[in-house]
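Structure first, commentary second.
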Amino acid sequence: MFNILITDDEQIVIDSLSFIINKNFADEAKVYTALSGTETIETVMKENIDMIFMDINMPGLNGLETVSVITKLKPNIVFVILSAFDRFQYAQTAIELGAYKYITKPVNRNLVIETIRGAMQLIQEKEGKLSADRELHKKLDLVSPMIENDFIYACIFNNEKSIDLSAYLDYFNLSETPWVFCCFEFPNINSDNQYATYIKLHELLNKEHRCLISSFMMNRIVLFFPVFSENPDINEVQEQIKKYYNLMCYNISSGIRAGVSTIASDRNRLQESYNEALSALNKADINGGLVFADTHKIVITAQAEAGSKQNSSHGEFKNQILKKLSTGDSNGVKSFLELFTTELFSSNLSLDKIKNSFFELIVTANNTTREINKNFSSATYDNAFATLSSLNDQKLIKDFAQAFLLECTAAISNIRKTDTNPIIKKVCDYVEQNLTKDISLEMAADFAGVSSFYLSKLFKEEKGETFINFVSDKRLEKSCELLAETELSIKEITAQVGYNDQNYYSRIFKSKYGFSPKEYRKDKQK
């Protein structure tokens, strides 16, 4: 347990830092607080403090003077200096006094978390307490990929059956597990990006399923895919492989060619399984596709045209959906999904390509949700490819996507409720309740009891956008609801969402959504 002392003469800073530490290090750290340099020294003399967050500008004994005194008393304490000013002379003096980091206020949550982790490691190193288990994991992280690669190479090139592959399977605890081999061929792979792509693939695939991956052989990799089932079903396995193939297309590169072997469990068939996968790969379309050895048919064409889609309007709507999803904003998700759906079905794309766009959105939404909520899982997502393949009606496709997106939004919202800085939550609630009024940054800051400068910077750090843009987005989203669900005139809606000029409101609405308010209402009614 690490004892962390926060010293600042502003209670709001103490509250923010305490919130971050208690949220992210509840089982690792105990928080103490002090409002002055004198109180800090008293606490240090009474408690076994490991780390101190120290404000520079305080009445009486200032931060740097306090650090100078404490380092003479307890030289092993790690200091993190806080200041509202990014001044070189302060930072230089802090470093000369042995401070670990110099952070400007308002504090960036991710930077604070990273700083605390680094400081904890430094404290352990100073005390000689680095855990043997941690060292072991570091070694295994380096060794395991090499053993995976050796195993797959042995499967491929063990022509004389001289190598006992059982030892490898025992090492990975896969002795009794059936498998399939997969061969993937990537376009645009060269010596400059091979390693980075391999690392990304290893992380991407093993998030979802424990599998063994070779290093690149030219532009190809080989995947040993264990089937964790006593009675494996070929259709279920194929659906899993399809999902991972699409993940690679959307996260690594479109146009991937892939071949998959049949399910096997006899260790003597390892090389035969690889050859099946390679043969299937050679039957894939030159522009990309996935082929299973038992069908010899391309079951997915590589049409993940992610790059070109990003330049289209529905690509922009997709980005907005994901942005709203990542903040737990269900109304924003629904509004932009309506626009995304309308734009797609009014395009000249084939139904298969439209389904592909929806599947890409679902896959990306799932990844976004898993990054924020590590425990998120969904039966809807597991069956998404099969479900979308069976749907041919616009409304059913949209409803299916919306149900999953709202499931993701709820999972993120649950995390955000406990993860949101209390100041930001208070301001967001204030905005939601006062959309009809003229809301300024100064008014919101006054309501929250902080300076406008502090709120502006904190809002950008927490929400990823400016306060003004946040208010504008909320007004426009509210207007979408009113356009779709009421008979109010455009002029009345303009006033309801806090705008005085109907022409200005219509202009920014069209700029954001690509439709005028009238066109949006007409489309919703139709």
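The distance linking the stretch 431-509 with the stretch 363-383 is 30 Å (Cα centroid to Cα centroid, whole angstrom). Taking amide H positions as modeled 1.01 Å from N, with prolines and chain starts lacking one, the residues under 5 Å from Asn3 and 5 or more places away or on another chain are Lys30, Asp50, Met51. Averaged over residues, the count of other Cβ atoms within 10 Å places the peptides 403-409, 503-509 in the sequence 403-409, 503-509, highest first. For the chain, a crude dipole built from +1 on the beta carbon of Lys and Arg and -1 on the beta carbon of Asp and Glu, taken about the Cα centre, is about 1140 debye to the nearest 20.
Convex hull volume of the Cα atoms of the stretch 445-523, normalised per residue: 110 Å³. Farthest towards the positive end of the charge dipole of the stretch 184-250, among the residues Ile189, Cys211, Val227, is the Cα of Ile189, using unit charges on the Cβ of Lys, Arg, Asp and Glu. Each peptide in 168-181, 190-203, 436-449 was scored by the mean count of other Cβ atoms within 10 Å over its residues; highest first, the order is 168-181, 436-449, 190-203.
Give the separation of the Cα centroids, the stretch 316-333 to the stretch 185-227, in Å. After rounding, the separation between the Cα centres reads 30 Å. Leaving out ligands, DNA and RNA, and with a 1.4 Å probe, what % of the accessible surface on the chain is carbon or sulfur? Heavy-atom surface of the chain belonging to carbon and sulfur, 1.4 Å probe: 48 percent. Just how large is the dipole of the stretch 460-516 about the Cα centre, in debye to the nearest 20, putting +1 at every Lys and Arg Cβ and -1 at every Asp and Glu Cβ? Its charge dipole is roughly 220 debye. Using the Cβ-Cβ distance between Lys30 and Val69 with R0 set to 25 Å, the FRET efficiency from 1/(1 + (r/R0)^6) comes to roughly 0.65. With contributions of -39500 (n - 2.57) from each DSSP H run of at least four residues, the per-residue ellipticity at 222 nm computed over the chain stands at -19000 deg cm²/dmol.
Straight-line reach from Lys355: taking Cα to Cα under 19 Å and skipping same-chain neighbours fewer than 8 places apart, the aspartates and glutamates in range are Glu239, Glu305, Glu316, Glu338, Glu343, Asp382, Asp393, Asp399.
Rounded to the nearest whole angstrom, the semi-axes of the ellipsoid equivalent to the stretch 209-286, taken from the Cα gyration tensor as √(5λ), stand at 20, 16, 12, largest first. Between the entries (1) 49; (2) 44; (3) 60, the label attached to percent of Cα pairs over 31 Å apart calculated for this structure is (3).
Contact order, relative form, for the chain: 9 percent (alpha carbon pairs under 8 Å, 6 or more residues apart, mean separation divided by residue count). A dipole drawn for the chain from +1 and -1 charges on Cβ atoms has a positive end, and of Gln271, Thr486, Ser330 the residue lying farthest that way is Thr486. Across the stretch 326-342, computed HN-Hα scalar couplings (Karplus, 6.51 cos²θ - 1.76 cosθ + 1.60, θ = phi - 60°) run 5, 9, x, 9, 5, 5, x, 4, 5, 4, 6, 5, 4, 5, 4, 5, 4 Hz from first to last residue, x flagging Gly and Pro. With respect to the cross-link table entries Lys398/Lys522; Lys46/Lys460; Lys200/Lys318; Lys318/Lys374; Lys374/Lys425; Lys457/Lys491, which display a Cα-Cα separation exceeding 29 Å? Violating the 29 Å limit, Cα to Cα: Lys46/Lys460; Lys457/Lys491. The base-10 log of I(q)/I(0) for the stretch 1-121, evaluated at q = 0.12, 0.16, 0.20 Å⁻¹, reads -0.36, -0.67, -1.12 [Debye formula, identical scatterers on Cα atoms, solvent excluded].
The values are calculated or read from the model by the stated rules, or taken from the named source; none is laboratory data. Keep in mind that this is a model prediction, so the values were computed, not measured. Using ideal geometry, Cβ is built from the backbone for each residue, glycine included, and neighbour counts are taken over all protein chains shown. Each accessible area value is taken on the protein alone, full model and side chains, heavy atoms only, with ligands, DNA and RNA left out. Shrake-Rupley method; radii C 1.70, N 1.55, O 1.52, S 1.80 Å.
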